[in-house]
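**Q** Can you keep this structure in mind? I'll have questions shortly.
Please treat every number below as a calculation from the coordinates, not as lab data. If you're wondering where the values come from, they're calculated on a predicted model, not measured in any experiment. Here Cβ is always computed from backbone atoms with ideal geometry, including for glycine, and neighbour counts include all displayed protein chains.
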Amino acid sequence: MAVVDFHRVSEGRGLFLPDPDRGLEMSEAARRLGYFGRNEVQQGVDRKIVLRLLALIASPLNLLLLIAAGISLFLQEWPDAAIVLSVLVGSTVLGGVQEYLTGNAMRRL
């Protein structure tokens, strides 16, 4: 497939449809179907909630918070450790809820 400089394409050129009024020819539609495949959302494997939460905790920011909480606990700075752990839990819970809602929205599509 040819490389297209999208920033140079004028609006009236009909980039994806050579003739927007008629649509694609059957041969072009068959070629694109063979090249791109069907226009369907791929169904992924639904991960378990525990694996999702572990993936959220493994993000760089959450790992940094976990290290900070560990240092605070080691130094027996209980209030600091509690604050950092509460931020970590809040971040993980909010991320999990957002991922769950996004997954539901994708399944409805």
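**Q** Nearest 0.05, what FRET efficiency do Ser59 and Arg22 give at R0 = 35 Å with Cβ-Cβ as r?
**A** After rounding, the FRET efficiency stands at 0.10.
**Q** Assuming R0 = 30 Å, what is the FRET efficiency of Phe74 and Leu51, from their Cβ-Cβ distance, to the nearest 0.05?
**A** The value I calculate is 0.55.
**Q** Please find the FRET efficiency linking Tyr35 to Thr102, where r is the Cβ-Cβ separation and R0 is fixed at 30 Å, and quote it to the nearest 0.05.
**A** Result of the calculation: an efficiency of 0.55.
**Q** Amide H to amide H, which residues 5 or more places from Leu24 or on other chains are under 5 Å from it, using H placed in the peptide plane?
**A** For Leu24, whose amide H was placed from the backbone, there are no distant partners under 5 Å.
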